[in-house]
Each structure stands twice: as C-alpha cells, then as structure tokens.
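Notes for the one structure printed next.
Just so it is clear, none of the values below were taken in a lab; they were calculated from the coordinates. In this text, all values refer to a predicted model and were calculated from it rather than measured experimentally. Here Cβ is always computed from backbone atoms with ideal geometry, including for glycine, and neighbour counts include all displayed protein chains.
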Amino acid sequence: MKTPITKTQAQNSFFFGFWREWKIIGRSKPLFASVFLYPLIVIFGMMYMFNAEVINRVPITVVDLDNTSTSRSLIQHVSASPSISVAMRNDNLSDAKTALLKGDIFGILLIPNDFEKRMLGNLQPEITGFSNLQYMALGNVLKVGFTQAFGSSLMAMQAERLTTQGVTAQLAMKELSPVAADMHPVFNPTLNYVYTLVNGIVPTILQIIVMLSIAYTTVQDKYGQLGVLGILRMNNNSVFQFVVNKIAPYTLIFLMSLFTLDIGLMFFFQLPLRGSLLWEILASFTFITSASLCAIVLTLWLPQRSLNYGSVSIFASPAFGFTGLFYPRMSMDLFAQIWGSILPITWYIEARLDQTLRDAGLLTSLKSIIAMMLIGIVAYGLIVLRVALLKKAEAKHA
C-alpha cells in the first residue's frame, strides 16, 4: 500500500524534485561516488595511461643471416626509425619466434643470406618483417615503421650504386622514384592516440556511469515507499517536471566532467578545437540528456531490480564495439550498425570529433545532435506511455 501524498506536497514548486535529487545524491554513498569520483578517476586515469600520446620505440629483434656491410646498413636505418627499437639480435628465426611468443619483442626483421648479393647484382632483394598484430596498434606502428625504413634504406643503397656508375645523384633519385607521392595525413597528422582514443573512450565509459546512476536513483523511486506515481504527484503529476527534476542534477554534474576532460585534453595535450565550443556544449548536453532518458525507460519498463541494472549495462556496454571508435561502422553487420545507431554515445563521438579534430562544420555536427535528440524524444515518449499504463493499473485497483 503506497503512502498517500498530501495536498501540500502535490502543490510543490517546479524544482522541488530537483532539490530532492541533490539530497539523494548527498545521502547515498554509492551514488555520490558514481557521479563525482568515478568520472574523475576515469578521466585522469586515461590521461595518465596515454600520456606518451604516440607509440615509439617498439622493441624488435633482428635475424641477420647475411651479416654483411649492406645488411648492417639496413639495420642502422631501421634502428634510426623513431617507432622501432632494435632490442635483440638472434642467430635464427626459431629463437626470434620464442622471444616474440614470450612478449620480449613485438616484431622480427629477417634478412636473408643473399641480401647483399642480390642488391649488388641489381636483383630484387627480399626482406621479411614480422609484426605482432595481436596488438593492432603496435602491429600497425611496426608495419609503417618497417615500410618507411625499408624504403629509405633500399633507395639510399640503390642511389649510391647508381652514382658509382656515373649517374648524377638527382637523376638517380628520379630513376628510383619516377612517381612523386605526397601523402598528407589529415585530422590527426601526429598519430596522437590521446586525440582519438581518450577523446572517445572516456565519454563511452561516462555513458555507462550516467545510465547506471540514473537507473540507481530511479530504482530507489520505483521500489520505494511512494513508488513512481507517488514521486510523480510530488511533481504535480507532470511527467515532464518529473523527468526534468530527475535528470537535471546529473546533467550538470556530468557536463562538468566533460568540461574537465576538455580542459585536460586542450591544455595538457594540445587537443585542437577547430569547430564551435557552443556546438560541442550543445552536443554534450544532448548526449547526457538522451542517455539519461534511455536509462529511465529501461528502469520503468522492466520488472525487477536485477533486470533494471542489467538491462542498462547490456544496452550501454557494447558501445565500445559498436560506436566505430575501434572498427569502422560501415564494415559492421546490420545488427551492430542498428545497435550502434540507437546509442547516444555513437553520435556524440561523431559530433565531438567533428568539433575538435575535423572542423567538419556546423551542419555536419547538426546531424549527430538531431540523432541524439530523436533518441531522447522516443525515450521520453516511452516514459509517458509507461506512466500512463501505471496510472491505469492504479485506477483499476483503487
């Protein structure tokens, strides 16, 4: 039997529920930790872990079966690469593979025993590089490092051979490189992992924290003495007032968390802001609001506490795989694309990267913001429908 609400309580001011929510945060240690401590731990923890910003000096081993001046020159070029560190030397490929399996090194450079002979004989020399793609970031760094080092080393050797034959240095370089390739990496030319990973992972974790926090406080209302309809009466029987007062404190708190992230990335890691700060604030506000509304929907519609918390976790956690942060969404199957499209974080990361790294323009980010708004509107409609069903059930049993 629910405790009836007095007439005085029913005529509370619009923000009565807002201040009530702040008191709940202050009284509940788990909720206080969730909204104030966990976001800061995540933000500063991720910044600390990625403080190197780029991957450098990945250790490899060299198996030099040729052991000539030409092979040693190649090794020097590889060692000079900022992304590669020649940490070991092995006499055979078997020992090198053992070191790779043990995790002592992450790549192997194999120089065959006829390397110099083929080079001097104007034949195509062969070099083999192995990189551990179990760690995709390290593997890709090694792949790029090997390619650049091999190319520059072999070109220098070939140019030196041609000049000894009387060809001018300029003509030798033209002969070796008939096509001039000018590559320009855009949006993140320094390959800074902070700009993409931290800028995306922290909001993704924050979405889980936001939704679990809202689920926790809504569960307290749902299974408390007053029940959802009792809390609704305290908000003058207005679903809109109930929702605003429920999520407003958390929206303010988590906006401050995102501002802290932005300040850290911009001042300590020089993350550029190529777009509009106001546009990014609007995207952040829409993201937190839509995620909060989704959490309320899952809490109100599902019957048990365990299902309430579990459904929120199941809904939000796949964001790490479905947002396109680590794997392009266009290559995912239909199920993953649909799930990713109903997650607010997917569109928020798009808007966030648009305004920081890409300078994609306001209209491009507007698409992402509208998508988050649509998610929020649908969620709000489901909340209204659920409250209407609860009122109908209460009237039937009255």
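Greater than 18 Å separation of Cα atoms is the criterion. Which listed pairs, Lys23/Lys246; Lys246/Lys396; Lys222/Lys391, meet it? Before the final figure, lay out each step's value.
On the way: Lys23/Lys246 12 Å; Lys246/Lys396 27 Å; Lys222/Lys391 14 Å.
Checking Cα-Cα distances, Lys246/Lys396 exceed 18 Å.
Only helical runs count toward this figure. For the chain, summing -39,500 (n - 2.57) over DSSP H runs of n ≥ 4 and dividing by all residues gives -20500 deg cm²/dmol at 222 nm. Counting only alpha carbon atoms, the long axis of helix 305-316 and the longest principal axis of the chain meet at about 40°.
Find how much the distance from Ser94 to Phe326 grows on full extension, using 0.36 nm per residue of separation minus their present alpha carbon separation; answer in nm with one decimal. Intermediate results must be reported in sequence, preceding the final value.
Values: separation 232, 0.36 × 232 = 83.52 nm, distance 3.29 nm.
Roughly 80.2 nm would be gained on extension.
Taking other residues whose beta carbon is less than 14 angstrom from the beta carbon of Val62, and scoring Lys, Arg as +1 and Asp, Glu as -1, yields -2.
Quick one, which of [x] 19.4; [y] 20.5; [z] 25.6 is the actual mean projected area of the Cα convex hull in nm² calculated for this model? Checked against the structure: label [z]. Could you tell me how many degrees, from 0 to 90 and to the nearest 10, lie between the Cα long axis of helix 69-80 and the main elongation axis, the longest principal axis, of the Cα atoms of the chain? Once rounded, one gets 20 degrees.
Using a Förster distance of 41 angstrom, determine the FRET efficiency expected from the C-beta separation of Ala395 and Phe32, and round it to 0.05. Between Ala395 and Phe32 the formula returns 0.65.
Since only Phe287, Tyr38, Gly381 are under comparison, the one whose Cα sits farthest along the positive direction of the charge dipole of the chain, derived from C-beta charges on Lys, Arg, Asp and Glu, is Gly381. Could you calculate the FRET efficiency of Leu366 with Leu252 from 1/(1 + (r/R0)^6), where r is the beta carbon distance between them and R0 is 30 Å, rounded to 0.05? It comes out at approximately 0.80. Full extension of the chain between Asn67 and Ile281 gives 71.1 nm of extra length, using 0.36 nm per residue less the Cα-Cα distance. Mean separation of Cα pairs under 8 Å and 6 or more residues apart, divided by the residue count, gives the range 279-398 a relative contact order of 35 percent.
Towards the positive end of the charge dipole of the chain, with charges on Cβ (+1 Lys, Arg; -1 Asp, Glu), say which of Asn92, Pro203, Phe106 has the farthest Cα. My answer, from the dipole projection, is Pro203. Entry note, the chain: relative contact order of 19 percent, from Cα contacts under 8 Å with a spacing of 6+ residues.
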